[in-house]
Amino acid sequence: RLGRYGPFVQIGTAEDEATAVRWRVVPGNEAELVIVDIFLKGGSGMGVLRSAQAMRQRRKVVVLSNYTTPDVRRKCLELGADRVFDKSNEIDALIAYLSFVDGTGRYPPENYKVTWYGTVAQEDDPQ
């Protein structure tokens with residue numbers, strides 16, 4: 001869970017693309033950062049990224065996945081991901097990014113709202 005790495009509050013999860021897309025458009029579901037996995041139980045994280053491009057409110061979007069080939073990284077960035085991290089060897093880089101995610105070089109405020117689109121097992125232990 002992200003809370004063990006800093007002042008992050010997980011405010012939503014989705015295990016499939018359709019749920020993630022629906023969750024994002026509900027008024028009041030306001031996350032400052034969205035973490036997307038490429039492989040979901042149904043659909044794809046790429047579909048979540050596509051839907052995020054159409055959203056008026058811009059949120060930080062990062063991809064955290066075990067499948068981060070150069071082509072996948074390029075495609076994720078083309079679809080609007082701010083960064084792409086590999087679960088197997090870039091967890092520390094993700095945490096460092098989260099620590100300075102507001103772009104000012106400051107640690108995020110208390111209760112920084114994060115949404116995770118991935119499976120429960122990955123949410124509990126992204127390594």
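The values are calculated or read from the model by the stated rules, or taken from the named source; none is laboratory data. Computed from a predicted structure; not experimentally measured. Heads up, the Cβs are rebuilt from the backbone with ideal geometry, glycines too, and the neighbour counts pull from every protein chain shown. Areas reflect the complete protein model, heavy atoms only, side chains present, ligands, DNA and RNA absent. Shrake-Rupley method; radii C 1.70, N 1.55, O 1.52, S 1.80 Å.
Using modelled amide H (1.01 Å from N, peptide plane; none on Pro or chain starts), what sits under 5 Å from the amide H of F85, excluding residues fewer than 5 places away?
V63, L64, S65
Could you check the simple spin-label distance between A54 and T69, using points 7 Å along Cα→Cβ, in nm with one decimal?
2.7
Taking a 1.4 Å probe, which of T68, T19 shows the most accessible area, and what order do the others take after it?
T19, T68
Could you give me the ³J(HN,Hα) list for segment 85-91, computed from phi with Karplus coefficients 6.51, -1.76, 1.60 and θ = phi - 60°, whole Hz, x at Gly and Pro?
Going residue by residue, I get 10, 8, 4, 6, 8, 10, 4 Hz, with x marking Gly and Pro.
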